[in-house]
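Structure record follows, encoded as structure tokens.
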């Protein structure tokens, strides 16, 4: 059902919390290269440019100003502390709630502010994000990937053949990648990973070096993070999928995004 | 000359650009910047001149487009006189933004009909050293995208013509 869609099918996850129930808008989801002028005016017919450093950032998240009784998961409590780096995942569903394989924008960004305002009588808050957080810069200048696992509970070990996402070309890419995870609930320890394969047979899937959460405790605090491949030149085959090893956990609710490096 | 002549409206404009598999793709566009070549104006006036005078400096031909975010699969671009076969804007633009490879680009102005060779178009057929690059791809909160294109260093000048442009 790929095609055009509407903002109401977008979901936003920030630092392990699902902010979709509070979010009104987010954007612009930026990815802009500074055009560097390399014109040699004595020989060139026309001005020419190459892309310099990209600026990547999810723009401003606008949420309803909302608290909750235990000061835990509502937007005001999650986003009320500014000047902090935030792991952000924005998934865009195809005229329905996002599912695995849908486009997703992700990274770790500096939250620059948290400002309440009145908009048509409604009390709302603006959460401006800056570019990629400076102390956690990755080797990847691209923010767009796919949702590998839509936010949902997983109650047993492993994924299966149906979970593969086609990268589009039978040729493996050789530029690594990164994954972003948000665990919103759980009851023990588990490890979430990304795998790849040249086929859609589950038995052929192998771990992608570096793309693991490591063992995380899902029952005490929310878990979130960003993991990059072992090296920037890690080869990734055509098909990718999520996996999970339940250690002491019996249920883990998580969303997972994956960006395949393209250059 | 094939095709219509005379005046037209925006619903007959078509935009195609080379994707990351070196194939021309038509993508949905709902707004487009000024299309064409513009020269820097270099003021050459001396005190003694009776009137200001200029010479044309370096030309430039940036293009900026916007349209609906769309993740449809790629489709084979249509031929002259055939209704556009649109590929997903996200599918194409997310693959070429920042790519260090000259891209073919074609803005076609159908004249009261689907673009037909003989009607005006502006763009460039890509080579290893000539074409556009994409330097920006952003998606707004309304799920409309914006993308910017500038020319590769050393590129030949894009031009107005009457035939479809091609990929490298």
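Throughout, read-outs are computed from the coordinates displayed, never taken from laboratory work. Fair warning: this is a prediction, and the values are worked out from it, not measured in the lab. Positions of Cβ are backbone-derived with ideal geometry, glycine not excepted, and every protein chain shown enters the neighbour counts.
Data overview
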{"quantity": "Residue A:38 versus residue A:174: modelled label distance in nm, points set 7 Å from Cα along the beta carbon direction", "calculated": "2.1 nm"}
{"quantity": "Contact order normalised by residue count of chain B, Cα under 8 Å, 6+ apart, percent", "calculated": "27 percent"}
{"quantity": "Ascending count of other beta-carbon atoms within 10 Å, so fewest first, for A:144, B:160", "calculated": "B:160, A:144"}
{"quantity": "Part-to-part distance (alpha-carbon centres) for segment A:233-256 and segment A:121-141, which is given in Å", "calculated": "25 Å"}
{"quantity": "Between segment A:76-119 and segment B:1-74, the alpha-carbon center distance in angstrom", "calculated": "35 Å"}
{"quantity": "Taking chain A and dividing mean pair separation by its residue count, relative contact order in percent (alpha carbons under 8 Å, at least six apart)", "calculated": "21 percent"}
{"quantity": "Global geometry of segment B:94-157, whether rounded, prolate or oblate, following the gyration tensor of its Cα atoms and the 1.5 cut on a/c", "calculated": "oblate"}
{"quantity": "By average C-beta atoms within 10 angstrom, highest first, the peptides A:175-183, B:146-154", "calculated": "A:175-183, B:146-154"}
{"quantity": "Sorted by Cβ neighbour density within 10 Å, fewest at the top, the residues B:70, B:60", "calculated": "B:60, B:70"}
{"quantity": "Rounded if a/c under 1.5, otherwise prolate or oblate - chain A, Cα gyration tensor axes", "calculated": "oblate"}
{"quantity": "Tensor-based shape of segment B:56-168 (alpha-carbon gyration tensor, a/c under 1.5 rounded, otherwise prolate or oblate)", "calculated": "oblate"}
{"quantity": "Estimated 222 nm signal from helices in chain A, with DSSP H stretches of n ≥ 4 weighted -39500 (n - 2.57), rounded to 500", "calculated": "-500 deg cm²/dmol"}
{"quantity": "Fewest-first ranking of B:157, B:164, using other Cβ atoms within 10 Å as the exposure measure", "calculated": "B:157, B:164"}
{"quantity": "Using distinct alpha-carbon pairs, which all enter the 1/r mean, Kirkwood radius of segment A:147-260 in Å", "calculated": "13.9 Å"}
{"quantity": "Gyration tensor (Cα) of segment A:88-226, equivalent ellipsoid semi-axes in angstrom", "calculated": "30, 19, 17"}
{"quantity": "Relative contact order [Cα under 8 Å, 6+ residues apart], segment A:147-260, whole percent", "calculated": "49 percent"}
